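Undergrad: Dumping the structure here so I can ask a few things about it.
The values are calculated or read from the model by the stated rules, or taken from the named source; none is laboratory data. Here the structure is a predicted model, which is why all the values come from computation and not from measurement. No Cβ is skipped: glycine too gets one built from the backbone with ideal geometry, and neighbour counts run over all protein chains shown. Note: accessible area is taken over every heavy atom of the protein model, side chains too, but ligands, DNA and RNA are not part of it. Shrake-Rupley method; radii C 1.70, N 1.55, O 1.52, S 1.80 Å.
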Amino acid sequence: METLQAGLDAAKILHERGQVNDAIEAYDKLLNRSFGDPAVLFYMGTALFQQGRYGLAASLLKSVVEEKPKMQSAYQNLGNCFKMALDYKGAAEVYEMGLKLGDESQLFCCMGSLNINVGSPEKALEWYKKGLKLDPNNDIIKYNIGLAQLEMGQWDEGFKNYNLGFAGGNRPVRSYAHLPEWDGSPDKTVIVWGEQGIGDEVMFASILPDMMKISKRVIFDCHPRLVKTMERSFKIECHGTRKNHHLEWLPGTDADCHVCITTLANYFRKKDEDFPGTPYLLPETWPIHGGSKVRVGISWAGGTQHTRADLRSIPLEKFLPILQQDCDFYSLQYTPSAAREVCELEDKTRIRVKHYPGSVEGHDYDTTVNFVASMDLVITVCTSIYHVAGALGVPVWCLTPSGPAWRYLTKGETSPWYNSAKLFRQAKGEEWETVIKRVSNELNQRLLQSPK
């Protein structure tokens, strides 16, 4: 009969290959043979964490630290469960318990991560530097340092370290058959590939014109929902396959090399002056605005639990001071509950926010881009609509939480990415009602100064 250790080694191989479900099944069988084995519980808890099953993972990992109180990696993974459940206080307590056993680079990194996207990047850097001192070649720590630097607008070093996320495994790497990665040389035919969400891809697309100026030709492998918009805006060959592994178009290409669109920031966004801020997306047609009222697009919810939807979302009814003004309001909200929310608001207040699902919920994001272009003003939380409006040059006011992602920086009312954007920042401890009142007052002043 196979020994427990041999079975664990085999399960770990499945785990390392990314076959998480198979690994969990194997760990489960091992636990049937040896109840409560801490090594099996540790790896099974880690696998469950990777599946987003944080409560069950935490339960197993708690058993591990009780059985093996000197196992630092168990404290790290247990703390990560608390963090993903948005219990930052609980996560810090667990990480600190691990650090009481001795300095450990990854635990320092974890402590630093609790200060990212919460408005304290300087504190994050202090923790990261402790970890880097112990492990100077750790690309994961350097990547996290990059996040803190980008929050502070330290573009040159920030983007260099951010790019190390590929080497550290924080960001997925793509390959294009035999093609090498672009080395910065001009006069090449280059495949530029996007990553992350639609908002990020729209934001980094401002770099495409810079790349086009020095290249023989640029081919953009973009998000499948953005093909029409990118083809029209940049007049380049686009493929919506950046999430695919099989690329039917690749064998016939004349490309010399490839590069991630975010990597291009290392070459073209080193200082504030490198951000032109001017519009670069083109709608299908620029609308001729009819009607007597200002058209205002509203978006009130963004993100997921993993990307801090709790900070980036505001109940629609809290927008009442804005919505009571004499404008035509249009929903730019793409979430499934949006239609119900605007109906409930109208039932309660008699205030109508027009919601057209076909304009904001379709797979082809070009429809949404064209709809945003028809607005005189967009008022939004931190979500992709902010990037689309800014890239179009539509005036956009962003309700920015006190702990925003690096794309929104931590200070100032303006954005280096978009000249048409204004950030209404929430102070630490400030309720959203106060921020919304400031936005409402500014809208009122706008209407008084330049009525439509």
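Undergrad: Go through the residues of segment 322-336 one by one and say whether even a single one is open to solvent by 40 Å² or more (accessible area, probe 1.4 Å) and part of a helix (DSSP H, G or I).
TA: no
Undergrad: Then there is this: Considering only segment 370-423, how many residues are of a type in the set (D, E, K, R) and in contact with a Phe, Trp or Tyr (Cβ under 6 Å, 6 or more places away or on another chain)?
TA: The total comes to 1.
Undergrad: Restricting the search to segment 186-202, which residues are open to solvent by 20 Å² or more (accessible area, probe 1.4 Å), over 12 Å from the mean Cα position of the chain (by Cα) and touching a residue at least 60 places away in the same chain (Cβ under 8 Å)?
TA: Lys188
Undergrad: Pairs needed: first member in segment 158-185, more than 17 Å from His245 (Cβ to Cβ); second member anywhere, open to solvent by 70 Å² or more (accessible area, probe 1.4 Å) and not in a loop (DSSP other than H, G, I, E, B); C-beta distance under 7 Å; at least 6 residues apart or different chains.
TA: Gly184/Tyr267
Undergrad: So in segment 441-452, with the set limited to residues that are surrounded by 13 or more Cβ atoms within 10 Å (Cβ to Cβ) and closer than 12 Å to Cys327 by Cα, which one is modelled with the lowest pLDDT?
TA: Of everything passing the filter in segment 441-452, Lys452 is modelled with the lowest pLDDT.
Undergrad: Look through segment 81-96, keep the residues that are of a type in the set (Phe, Trp, Tyr) and touching a residue at least 24 places away in the same chain (Cβ under 8 Å), and return whichever of them is surrounded by the most Cβ atoms within 10 Å (Cβ to Cβ).
TA: For segment 81-96, the residue satisfying everything is Phe82.
Undergrad: All but one of (1) closer than 25 Å to Thr285 by Cβ; (2) buried (at least 19 other Cβ atoms within 10 Å of the Cβ) hold for Pro401, so report the exception by its number.
TA: Every condition holds for Pro401 apart from (1).
Undergrad: Something else: Out of (1) within 26 Å of Phe234 (Cβ to Cβ); (2) buried (at least 19 other Cβ atoms within 10 Å of the Cβ), the odd one out for Glu284 is which?
TA: (2)
Undergrad: Turning to a different aspect of this structure: Looking at Tyr43, Tyr128, which is the one that is of a type in the set (Phe, Trp, Tyr), surrounded by 20 or more Cβ atoms within 10 Å (Cβ to Cβ) and closer than 21 Å to Leu4 by Cα?
TA: That would be Tyr43, the only listed residue that is of a type in the set (Phe, Trp, Tyr), surrounded by 20 or more Cβ atoms within 10 Å (Cβ to Cβ) and closer than 21 Å to Leu4 by Cα.
Undergrad: Look at segment 203-228 and say how many of its residues are more than 24 Å from the chain's Cα centre (by Cα) and under 23 Å from Gly277 (Cβ atoms).
TA: Number of matching residues: 5.
Undergrad: Does Tyr418 satisfy the condition of being in contact (Cβ under 8 Å) with a residue 24 or more places away in the chain, open to solvent by less than 30 Å² (accessible area, probe 1.4 Å) and under 26 Å from Ser337 (Cα atoms)?
TA: no
Undergrad: From Leu99, Leu78, Leu48, Leu61, which residue is open to solvent by less than 50 Å² (accessible area, probe 1.4 Å), touching a Leu at 6+ places or on another chain (Cβ under 7 Å) and over 22 Å from Trp127 (Cβ atoms)?
TA: Leu48
Undergrad: Here's a check for you: in segment 1-23, which residue that is open to solvent by 20 Å² or more (accessible area, probe 1.4 Å) and aliphatic (A, V, I, L, M) is nearest to Gln76 (Cα to Cα)?
TA: If we take residues in segment 1-23 being open to solvent by 20 Å² or more (accessible area, probe 1.4 Å) and aliphatic (A, V, I, L, M), then Val20 is nearest to Gln76 (Cα to Cα).
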